[in-house]
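Below is one structure; the comments refer to it alone.
The values are calculated or read from the model by the stated rules, or taken from the named source; none is laboratory data. Source: prediction; values computed, not measured. Neighbour counts run over all protein chains shown; Cβ positions are idealised from the backbone, glycine included.
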Amino acid sequence: MKNLSRYILLLTLAFVMASAGVHRFYVSVFQMEYVPVKKEIRITGRIFIDDLEAGLNKKYGKKLYLGTPKESGEATGLLKKYFAEKIVVKINNKPKVLTLLGRETEDDVLICYFTLPAESKVQTIQVSNTVLFDMFSEQQNIIHTTVNGNKKSLLLTNSETSGTVQF
């Protein structure tokens, strides 16, 4: 009887661990770094390609095949439009225009490079990032900021789509 209980416990534990592997995480990570010499903030965003394609397909009704030889000629324009709508940044309470500089793929992740002007000393950064929130209710967007060596982070979710860091 004792062995049967252990067997059932081990079987249950194995089932729970196996089903945990099926669970998907919906997360993107954005790193923002202030470059005082250039008077700009450089942003690197990492987003799972399949999730982003699903979101873009839902929003624009187009399959873009990002990072493949079949990539649509509209991909860059739609990415710029999507990110401009979904990511809003204010520096010292002043809205800034986000510019997509370029992108590359790494395995199943799309890495996007952005910049935005920061003419004066950065005291606050307010970020609203709703990338993929309309696609996945579990989506989380992590924002890491670095200003003059000071690092601060935000976790944005469907229930909290924006946040502010002070330096």
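Okay, here's what the table says:
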read-out: Criterion (touching a Lys or Arg at 6+ places or on another chain (Cβ under 7 Å) and over 20 Å from residue 35 (Cβ atoms)) met by exactly one of 165, 88, 131; value: 131
read-out: So residue 121, is it closer than 20 Å to residue 165 by Cβ and at pLDDT below 95; value: yes
read-out: Of all residues in the stretch 65-83 being in contact with a helix residue (DSSP H, G or I) (Cβ under 9 Å, 6 or more places away or on another chain) and under 30 Å from residue 166 (Cα atoms), the one that is surrounded by the fewest Cβ atoms within 10 Å (Cβ to Cβ); value: 81
read-out: Qualifying position, being surrounded by 15 or more Cβ atoms within 10 Å (Cβ to Cβ), among the basic types (Lys, Arg) and out of contact with any Cys (no Cβ under 7 Å at 6 or more places or on another chain), among 39, 62, 86; value: 86
read-out: The stretch 91-111: number of residues that are farther than 11 Å from residue 45 by Cβ and out of contact with any Lys or Arg (no Cβ under 9 Å at 6 or more places or on another chain); value: 10
read-out: Failed item in (1) under 20 Å from residue 156 (Cα atoms); (2) modelled with pLDDT under 95; (3) surrounded by 15 or more Cβ atoms within 10 Å (Cβ to Cβ), with residue 24 passing the rest; value: (3)
read-out: Residue ID - farthest from residue 89 (Cα to Cα), chosen from residues in the stretch 101-133 that are in contact with a helix residue (DSSP H, G or I) (Cβ under 6 Å, 6 or more places away or on another chain) and hydrophobic (A, V, I, L, M, F, W, C); value: 110
read-out: Hits in the stretch 134-167 (condition: within 26 Å of residue 92 (Cβ to Cβ), in contact (Cβ under 8 Å) with a residue 12 or more places away in the chain and not in a strand (DSSP E or B)); value: 148, 161, 167
read-out: Neighbours by Cβ (under 6 Å, 6+ apart or cross-chain): first from the stretch 16-40, aliphatic (A, V, I, L, M); second at pLDDT 95 or above and not in a loop (DSSP other than H, G, I, E, B); value: 27/140; 29/46; 29/142; 32/41; 32/43; 32/145; 35/42
read-out: In the stretch 112-164, the residues that are of a type in the set (Val, Ile, Thr) and surrounded by fewer than 20 Cβ atoms within 10 Å (Cβ to Cβ); value: 115, 124, 130, 142, 146, 157, 161, 164
read-out: Those residues of the stretch 110-133 which are more than 27 Å from residue 66 (Cα to Cα) and assigned to a loop (DSSP other than H, G, I, E, B), in sequence order; value: 118, 119, 120, 121, 122, 123
read-out: All positions within the stretch 80-97 that are under 15 Å from the mean Cα position of the chain (by Cα) and farther than 17 Å from residue 141 by Cα; value: 80
read-out: Some residue of the stretch 140-150 being closer than 19 Å to residue 35 by Cα, touching a strand residue (DSSP E or B) at 6+ places or on another chain (Cβ under 8 Å) and at pLDDT below 95; value: yes
